[in-house]
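Q: Got a structure for you, written out below as structure tokens; questions coming shortly.
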Amino acid sequence: MEWTIVTLPLWVIAGVVSFYFSLGNARVWTSISVGFFLILVAEILPTAINFLPGLEVPEVQALTSIVGTIAILVMSHGFQEYYVFSRTLELEGSKPLVYVATLGVVLLSAAFIWVNFTPTARTLELIGVVEKTNWVFLSLINIDLIRKIYANIQDSPISNAFAAFILVFFFIFLWKGSELYIQIYDLETLNTLAAAKGESLFRYDLSFYCKEIGNILAGLSVGGTFLYLAKLLR
């Protein structure tokens, strides 16, 4: 099965809806929405459309992983802001600042990559491990943080949307956790060796399907949650 046939449309919808949502709603949602939009830019498009120009360049490959890390950091910061807002009803900063700051961090990261040595395969692997590790552990932290937000606003009409965000990060944890497990234990190589002997590697098969199913459910839940929020907040 070609999984990108399913994941690409779901994440395109999720990315477009989340970015559009960030433009039309309160400042408190901006970092969260921008973070989810960056998943489409950094994670999905380079993987699903591997013939895009420049993707073979090591610096571009490194930058996509770094932007993926920026995505989870930006949205995690957004949920932290929302938690403070749910307790104090106070919020600092402005919407344009979020866009400018995020773009600035991406550009500085690009500059850092291009002024350094050309990333080797080992360097790219390490950058990928750092990215996936951030996704895995920050997803768990965000689940707990969103649970606290839900407790603070459970009488609000949008409380169910935060319950949905818990599912979003569970699916992301499943997706990224499986990717990290495959990469750390080099299961693709072990599976290739097993296939040469006419055998199958159960751990790789299980991790692969968890990765792809988690990816699909994450894209579906992100798009659905933002559409639900847009309906509630309009």
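Read-outs: derived from the displayed coordinates by stated rules, not from any lab. If you're wondering where the values come from, they're calculated on a predicted model, not measured in any experiment. Cβ sites come from the backbone with ideal geometry, for glycine too, and all protein chains shown count toward neighbours.
Q: For Glu199 and Glu2, what does the FRET efficiency come to when R0 = 25 Å and r is the distance between their Cβ atoms, rounded to the nearest 0.05?
A: 0.55
Q: Next question. Over 29 Å between Cα atoms: which of Lys148/Lys176; Lys95/Lys211; Lys95/Lys148 fall into that group?
A: Lys95/Lys211
Q: Here is a follow-up. Can you tell me the relative contact order of segment 4-232? Whole percent, Cα pairs under 8 Å, sequence separation 6 or more.
A: Reported relative contact order: 24 percent.
Q: Another question, then. Report, in whole Å, the centroid distance computed from the Cα atoms of segment 160-191 and segment 17-57.
A: Segment 160-191 and segment 17-57 have Cα centres spaced 18 Å from each other.
Q: What full-extension length gain, to one decimal in nm, is calculated for Ser94 and Ala121 as 0.36 nm per residue of separation minus the Cα-Cα distance?
A: 5.7 nm
Q: Given DSSP loops and a limit of at most 15 other Cβ atoms within 10 Å, what is the longest stretch of the chain that contains no such GluC sites (Glu not before Pro)?
A: With GluC sites (Glu not before Pro) excluded where exposed in loops, the chain gives 93-198 as its longest stretch.
Q: Is segment 83-234 rounded, prolate or oblate when judged by the Cα gyration tensor, a ≥ b ≥ c being the square roots of its eigenvalues, rounded requiring a/c under 1.5 and prolate requiring a/b larger than b/c?
A: Cα axes put segment 83-234 in the oblate bin.
Q: Right, something else. Using the Cα centre of the chain as the reference point, and only Cβ charges (+1 on K/R, -1 on D/E), how large is the resulting charge dipole? Debye, rounded to the nearest 20.
A: Roughly 580 debye for the chain.
Q: What are the membrane-span-like helices in the chain by this rule: whole DSSP H runs, Cα extent along the axis at least 18 Å, mean Kyte-Doolittle hydropathy at least -0.5?
A: Membrane-span-like by this rule: 4-24, 58-88, 95-115, 121-152, 159-184, 202-233.
Q: Would you calculate a helix-derived [θ] at 222 nm for the chain, using -39,500 (n - 2.57) for each DSSP H run of n ≥ 4 and dividing by the full residue count, to the nearest 500?
A: After summing the helix terms and dividing by residue count, I get -27500 deg cm²/dmol.
Q: Shape verdict for segment 33-96, please, from the Cα gyration tensor: rounded (a/c under 1.5), prolate (a/b greater than b/c) or oblate. Can you show the working numbers first?
A: Working: a/c = 3.58, a/b = 3.30, b/c = 1.08.
Taking the square roots of the gyration eigenvalues as a ≥ b ≥ c, segment 33-96 is prolate.
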